[in-house]
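The values are calculated or read from the model by the stated rules, or taken from the named source; none is laboratory data. Remember, predicted model here, so these are calculated numbers, not experimental data. Reconstructed Cβ throughout: ideal geometry from the backbone, glycine too, with neighbour counts over all protein chains shown.
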Amino acid sequence: MVAMDPDLDLGDGLRLRVLTDEDAALLVEATSGEPARSLWGARPAGPYSLLDGQIALAAWDPGAGDRFSVGVLGGSRLLGAVGLMPDDCGGIELAYWVRPEERGRGIASRAVGAATRWAHTSLGVSRIWLEIRPGNEPSLRLARRTGYRFEGRLPLHCRDHVHEDAARDTRHDCLIWVHPGEDACGTGTTGRAPSRHGR
């Protein structure tokens, strides 16, 4: 699905570009103060080792599969990222993460807005959607600011990743927010239960 690599100027010295496993050191530095799980997988929680970063970014490399992540870079620092995950109906789910000390500065809104526009125009994707955990007010505000609309609530749809074994894991409800565009499946449910941030 990756028609071209986005390399977008977000203004104020910020740039959005595809991340690959060669960016593992950036990921290690960016997650050094992160107490929770990050965008690139349910585990590891907290700071990534170099091996963690290499494994995570290899799994998100656009050359290895459909999903990929674009990093928000401020100079040589990785400030955050947006993940793009194609669904079975030709749409894309977006997820996002910003390093703890950079939150509250509008970086996520700027990056999600740019990635959404790029996916619509460069990839020709009509349906772009977010899964947000009920009560996650910062993510709900981001969805509204970036032009997403509330579609529905999926009961116990998303894993909590308390256990590695999906059958033993607990789940929480997800709110589906969709960016305007025709829904190829006809509903907001895709059968996927992604585990990234933004919930």
Residues in the stretch 16-39 that are buried (at least 16 other Cβ atoms within 10 Å of the Cβ), touching a strand residue (DSSP E or B) at 6+ places or on another chain (Cβ under 7 Å) and either part of a loop (DSSP other than H, G, I, E, B) or not acidic (Asp, Glu) (or both) total 9
Filter result for ALA45 (under 21 Å from HIS161 (Cα atoms), more than 14 Å from the chain's Cα centre (by Cα) and without any contact (Cβ under 8 Å) to a residue 24 or more places away in the chain): yes
Among what's in the stretch 79-91 and is assigned to a strand (DSSP E or B) and more than 17 Å from ALA59 (Cβ to Cβ), pick the residue that is nearest to the chain's Cα centre (by Cα). GLY80
For the stretch 91-110, state whether one or more residues are modelled with pLDDT under 90 and in contact with a Gly (Cβ under 8 Å, 6 or more places away or on another chain). no
